[in-house]
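Input: a single structure, listed below in structure tokens.
The values are calculated or read from the model by the stated rules, or taken from the named source; none is laboratory data. Fair warning: this is a prediction, and the values are worked out from it, not measured in the lab. With ideal geometry, Cβ positions are generated from the backbone for all residues, glycine too; neighbour counts draw on all protein chains shown. Just so you know, the surface numbers come from the protein's heavy atoms only, side chains and all, with ligands and any DNA or RNA stripped out. Shrake-Rupley method; radii C 1.70, N 1.55, O 1.52, S 1.80 Å.
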Amino acid sequence: MCDRMNNTLKSVVLLSLLAVAFSLHGADFQAVAPSGQTIYFNIVQGGVVVTFPSSTIYPAEGWGSYTKPIGALTIPASVTHGGVTYAVKAVSNHAFYNCSGLTSVIVPEGVTAVRASAFRGCSAMTSISLPATLDSLYGYSLAYCASLVDVNVDGTTPPVCLSNVFSNTTLSAATLHVPDGCMSSWSTTAPWSQFGSIVENAFSVTLTVTANNPSRGTVGGGGSYVVGTNVMLTATPANGFFFACWNDGDTLNPRVLTATEDRSFVAMFAAMRYDTVTATVHDTITVHDTVWSVEVHEDTVILYDTVFVTSIDTVYTIDTVMPTFFRLTVSTDGGGVGIGNGMLPAGTVAEIGALPLDGNRFLRWDDGSTDNPRTVTLTGNMGFTALFEPLGIHVVDSGRPWTAVAEGHDIVAAGVQGRDLRIFAVDGRQLYRGTAQNDTVRFRCTAAGVYMLSVDSSAARKVIVN
């Protein structure tokens with residue numbers, strides 16, 4: 001009798017300890033996921049973690065009055081609560097324990113850990129996508145997932161995980177999808193090597209790049225690329241012509257973009273001269289350049305470089321009136337990069353800037369102005385020189401949260417997720433600006449040379465691409 005009472009008491013104590021261990025802290029708040037389900041969060045240093053909703057329910061006993069999420073779940077990369085936006089850093093212990101109605105899950109970039117039993121018992125879940133930022137999978141985090149047949153991973157190397165991560169999940173019937181070129185790192189590491197099949201995601205798209213007239217200039221950057229590759233497009237005008245813009249209106253040259261779908265680009269080259277032509281009935285006149293505005297006495301149809309005369313039995317003189325273009329030159333004394341070079345229409349109010357290299361600071365412009373950036377109005381060809389001052393320090397990468405190196409024809413920036421990136425040509429032309437979605441970002445350069453990378457508007461770092 002005493003032994004039975006002692007065993008009962010031990011069981012009660014053990015269950016109590018387990019309850020405390022598994023639910024030390026209930027949710028701080030709840031939010032609706034992009035896919036429509038209500039999920040729960042705890043606030044932690046640096047962000048939030050997805051959590052089990054209650055501090056009083058032992059997960060194995062169920063969710064009580066809380067509604068389990070069902071269907072295809074997309075966990076958000078960030079959530080807003082009380083006017084504060086938090087980054088989602090992890091999926092915590094038992095967060096979706098026994099959510100047997102979940103059919104698929106997408107874990108967002110930024111999540112670094114999926115903790116113990118997070119998706120244990122999600123018996124209807126057929127697929128899960130894990131981010132490149134994931135570095136740890138804890139025990140039983142994907143255990144007892146009887147229907148799991150597809151696991152998609154974005155990381156180039158496997159995260160640290162225990163052998164029991166997939167306990168009682170039949171990996172021999174499942175497929176692991178890994179990034180292109182990363183087969184060996186996943187196929188030789190347990191438990192990933194136990195998947196029935198491992199395939200590389202090698203989706204590619206085609207970028208078609210042409211000139212509006214091949215005699216006016218040449219272009220570069222066209223070809224087939226793996227989805228997500230950063231590609232540089234270039235437009236080089238022939239003598240007597242200048243690059244005006246791309247067919248979608250973008251004026252960057254070179255121009256860096258991310259290959260996400262099949263796209264076509266046309267470089268619009270314009271002639272540096274004016275034309276006057278005379279047309280008669282039904283004549284088709286080709287002028288030297290795309291017409292910005294045309295002064296005629298009767299109706300005229302304009303199609304790119306061709307003017308169709310539509311009036312009958314009349315002779316007209318057609319004057320192509322193009323805006324005057326001036327060259328804006330922003331140079332430096334060597335301590336940084338001048339931003340804003342280009343050929344722009346007369347009267348343009350242009351912004352120019354001076355970006356210091358590491359170990360330097362901006363001092364002033366050669367005309368005495370200390371505004372940086374500053375605006376100037378083009379009334380003719382104009383030139384400005386930015387002056388910098390050495391700080392007298394030796395710059396090293398030690399302690400810097402990000403790095404930038406050249407790998408072949410690529411610029412590779414690491415440690416930059418969520419940071420504002422800007423890439424400049426050596427003459428100060430801004431080639432790219434955007435927020436990094438991944439920790440490592442790769443930019444494909446179609447031309448060798450010296451490039452400048454600035455992160456979060458900090459001093460620029462030179463990267464030499466051969």
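A few notes on this one:
- Test: residue 366 is open to solvent by 60 Å² or more (accessible area, probe 1.4 Å) and under 21 Å from residue 422 (Cβ atoms): no
- Residue that is nearest to residue 102 (Cα to Cα), among those in region 149-163 that are over 26 Å from the mean Cα position of the chain (by Cα) and open to solvent by 40 Å² or more (accessible area, probe 1.4 Å): 149
- Flag for residue 180 being within 30 Å of residue 261 (Cα to Cα), of a type in the set (D, E, K, R) and open to solvent by less than 60 Å² (accessible area, probe 1.4 Å): no
- Residues in region 108-125 that are open to solvent by 10 Å² or more (accessible area, probe 1.4 Å) and under 28 Å from the mean Cα position of the chain (by Cα): 108, 109, 110, 112, 115.
- Selected residue (only one of 235, 173, 146 is crowded, with 17+ Cβ neighbours inside 10 Å and not hydroxyl-bearing (Ser, Thr, Tyr)): 235
- Any hit, region 424-444, residues being open to solvent by less than 60 Å² (accessible area, probe 1.4 Å), closer than 26 Å to residue 350 by Cα, at pLDDT 80 or above and within 20 Å of the chain's Cα centre (by Cα): no
- Residue within region 86-94 that is open to solvent by 40 Å² or more (accessible area, probe 1.4 Å) and assigned to a loop (DSSP other than H, G, I, E, B) present: yes
- Entry remark, region 344-373: residues being part of a loop (DSSP other than H, G, I, E, B) and farther than 10 Å from residue 388 by Cβ number 12 in total.
- The residue of region 238-275 that is surrounded by the fewest Cβ atoms within 10 Å (Cβ to Cβ), among those that are over 16 Å from residue 345 (Cα atoms) and modelled with pLDDT under 75, is 240.
- Whichever residue in region 95-107 is part of a loop (DSSP other than H, G, I, E, B) and within 17 Å of residue 40 (Cβ to Cβ) and, among such residues, is nearest to the chain's Cα centre (by Cα): 107
- Of all residue pairs spaced 6 or more apart or on separate chains, those with beta-carbon atoms under 7 Å, a first member in region 224-243 that is closer than 19 Å to residue 326 by Cβ and a second member that is open to solvent by less than 40 Å² (accessible area, probe 1.4 Å) and in a loop (DSSP other than H, G, I, E, B) are 237/216; 241/216; 243/253.
- Residue in region 393-415 that is open to solvent by less than 50 Å² (accessible area, probe 1.4 Å), at pLDDT 85 or above and assigned to a loop (DSSP other than H, G, I, E, B) present: yes
- Any hit, region 202-225, residues being under 26 Å from residue 437 (Cα atoms), modelled with pLDDT of 90 or more, among the β-branched types (Val, Ile, Thr) and open to solvent by 50 Å² or more (accessible area, probe 1.4 Å): yes
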